[in-house]
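Visitor: Quick one: this structure, given as structure tokens, is what I'll be asking you about.
The values are calculated or read from the model by the stated rules, or taken from the named source; none is laboratory data. Quantities reported herein were computed from a predicted structural model and do not represent experimental measurements. Methodologically, a virtual Cβ is constructed for each residue, glycine included, from the backbone with ideal geometry; neighbour enumeration extends over all protein chains shown. Note: accessible area is taken over every heavy atom of the protein model, side chains too, but ligands, DNA and RNA are not part of it. Shrake-Rupley method; radii C 1.70, N 1.55, O 1.52, S 1.80 Å.
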Amino acid sequence: MSLQKRKIRILAVLAILCLTAAGCGGAPASPSASATPPAAAAGDGWYDAPEWSWRMQVIHTTGQDDFKQNQEAADLIYQATRGRMKIEIVPNGTIVPSTEGFQACGEGVMEMHNSWAMYAKGVEYSLLPMTTQGLGMDAIDRYTWLYCAGGEEILQEALDKLNVKLLANEIWGTEVMMSKKPFQSLEDMNGAKMRTSDPRLLATYNIGGITLPLEEVFTAFSTGTVDSAEFGHLRYDKDLGLVDVSNYAIWPDFWNGHFDTTVVVNKDAWNSLPADIQLIVEMAFKSMEHKHLFLSQYDSALDYRDLTESGKLEFIRMDPETFVQGRQRMYEIEKQDMEQYGGLTEKAYQSMHDFMELWYPYKTISAWWGTGLTADEQLGYTP
């Protein structure tokens with residue numbers, strides 16, 4: 001790497017770190033406040049107008065934390081570039097329907113997009129197993145596979161077919177099933193209908209897995225088209241209104257364990273940026289990855305406490321024995337996919353299987369000391 005590029009990289013890192021640190025301890029600035037340079041800085045290296053004005057459609061709506069975090073990243077970029085780059089964050093459906101976002105981004109309809117890449121599985125099937133997996137990896141597993149065991153490179157190979165570059169992975173924490181019925185196991189769900197993004201495992205239990213886009217989930221669940229619905233963690237389902245029309249909330253997330261929403265950019269737009277701006281954009285969105293995971297879980301913990309105290313919902317955790325056979329069935333599905341689709345699908349699955357064979361024994365023996373204990377036992381007292 002040349003000395004000039006090293007200087008650019010160091011300056012970009014320092015800019016992001018300083019801006020992130022300044023935002024700790026308080027609520028992030030509003031888009032209108034942060035999108036305008038302070039009066040004291042006017043004429044002090046700030047640009048009169050952006051050199052690059054981009055649009056980014058995200059899968060979320062304006063009131064959700066996920067939307068606000070993408071806006072926060074855009075604000076960091078505006079400040080770090082001193083007004084050279086401005087990214088307008090727009091909610092789901094503003095430019096194109098949710099299921100068409102990746103194709104639209106690759107075609108240049110918008111410069112950036114953030115959503116579930118499995119929506120583009122019709123273009124490249126491997127995007128399904130790489131971003132969701134029935135009875136698959138948890139968030140830490142998936143991040144480790146992506147960034148340490150070659151997963152990121154394979155995911156980029158798949159996204160190449162859509163003409164987009166991967167910038168960041170927002171891996172979700174524990175999702176929850178909203179249900180009209182108190183299912184205790186997979187076997188209990190025989191004959192039921194469930195809204196899910198991945199119906200493959202459900203079909204082996206005679207469960208009707210119905211794939212619906214975000215825009216249709218509330219209506220389908222509230223009107224009884226489906227008996228249960230998954231779409232995200234507890235706070236996300238609360239924001240969607242699913243909590244208000246549900247009787248039960250059921251864990252653990254067996255349907256698409258710890259989903260990955262990807263932040264991508266149109267390759268032609270990306271290549272039009274100089275190296276220093278590219279670094280700032282990428283680091284700003286990567287800096288939100290863990291906040292996305294941890295804040296969603298903390299907010300869900302607050303909702304769990306409130307909903308438990310109010311008695312509005314009954315919370316159920318399925319018997320873990322139901323997943324022993326379930327995982328065996330899922331592995332058979334994965335082998336069928338490898339044989340049917342080959343290519344990147346086979347490459348991705350083999351990579352994940354190799355990783356899990358290495359990772360799971362270590363993960364099990366090195367598990368946190370409180371694993372398997374009750375909440376009171378972990379606390380050391382009864383609250």
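Visitor: Heavy atoms only, probe 1.4 angstrom, no DNA, RNA or ligands counted: give me Asp260, Asp48 ranked by accessible area, highest first.
Guide: Numbers: Asp260 0, Asp48 165 Å².
Sorted descending by solvent-accessible area, the residues read Asp48, Asp260.
Visitor: Another question, if that's okay. Of all beta bridges DSSP finds with both residues in the chain, what is the antiparallel percent, to the nearest 5?
Guide: Details: 19 of 37 bridges.
DSSP beta bridges in the chain are roughly 50 percent antiparallel.
Visitor: Ok, one more. Tell me the relative contact order for the chain as a rounded percent, counting alpha carbon contacts under 8 Å between residues six or more apart.
Guide: Values: 609 pairs, mean separation 77.1, N = 383.
In percent, rounded to a whole number, it is 20.
Visitor: Can you tell me which lysines have their Cα less than 19 Å from the Cα of Lys68? Leave out same-chain residues fewer than eight positions away.
Guide: Within the straight-line limit of under 19 Å, Lys68 reaches these lysines: Lys86, Lys238, Lys286, Lys291.
Visitor: Treat each spin label as a single point 7 Å out from the Cα along the C-beta direction, and report the Thr211 to Asn190 distance in nm.
Guide: So the label points at Thr211 and Asn190 sit 2.7 nm apart.
Visitor: Looking at the range 284-383, which GluC sites (Glu not before Pro) are in a loop (DSSP not H, G, I, E or B) and have at most 15 other Cβ atoms within 10 Å? Each step should come with its number before you reach the end.
Guide: On the way: sites: Glu289, Glu309, Glu314, Glu321, Glu332, Glu334, Glu339, Glu346, Glu357, Glu377; in loops: Glu321.
Answer by residue number: Glu321.
Visitor: Counting pairs of alpha carbon atoms under 8 Å apart in space and at least six apart in sequence, what relative contact order in percent does the range 68-220 give?
Guide: Numbers: 131 pairs, mean separation 21.9, N = 153.
Relative contact order for the range 68-220 comes out at 14 percent.
Visitor: What distance in nm lies between label points placed 7 Å from Cα along the C-beta direction at His290 and Ala220?
Guide: Taking the simple label geometry, His290 and Ala220 are separated by 3.5 nm.
Visitor: Continuing with the same structure: Among residues other than Gly343 whose Cβ falls under 10 Å from its Cβ, what is the net charge (Lys/Arg +1, Asp/Glu -1)? Provide the component values of the computation, followed by the final result.
Guide: Numbers: positive: Lys347; negative: Glu124, Glu157, Glu346.
Taking every Cβ under 10 Å from that of Gly343, the sum is -2.
Visitor: While we're on this one: Tally Lys and Arg at +1 and Asp and Glu at -1 over the other residues with C-beta under 14 Å from the C-beta of Ala192: what net charge comes out? Don't skip to the answer; put the middle values down first.
Guide: On the way: positive: Lys180, Lys181, Lys193, Arg195; negative: Glu187, Asp188, Asp227, Glu230.
It works out to a net charge of 0.
Visitor: Could you tell me which GluC sites (Glu not before Pro) in the range 153-230 are loop residues by DSSP with no more than 16 other beta carbons within 10 angstrom of their beta carbon?
Guide: Numbers: sites: Glu153, Glu157, Glu170, Glu175, Glu187, Glu215, Glu216, Glu230; in loops: Glu175.
The qualifying sites: there are none.
Visitor: Excluding same-chain residues fewer than 8 positions from Lys347, which lysines have a Cα within less than 20 Å of its Cα?
Guide: Excluding near neighbours in sequence, the set is Lys121, Lys161, Lys165, Lys335.
Visitor: Pull up all non-local amide H partners of Ile210: gap of 5 or more, or a different chain, and H-to-H distance under 5 Å with H placed in the peptide plane.
Guide: Here Met194, Arg195, Thr196 satisfy the definition.
Visitor: OK, next. Counting Lys +1, Arg +1, Asp -1, Glu -1, what net charge surrounds Trp359 among other residues with beta carbon under 13 Å of its beta carbon?
Guide: On the way: positive: Arg142, Lys363; negative: Asp138, Asp141, Asp354, Glu357.
Local net charge: -2.
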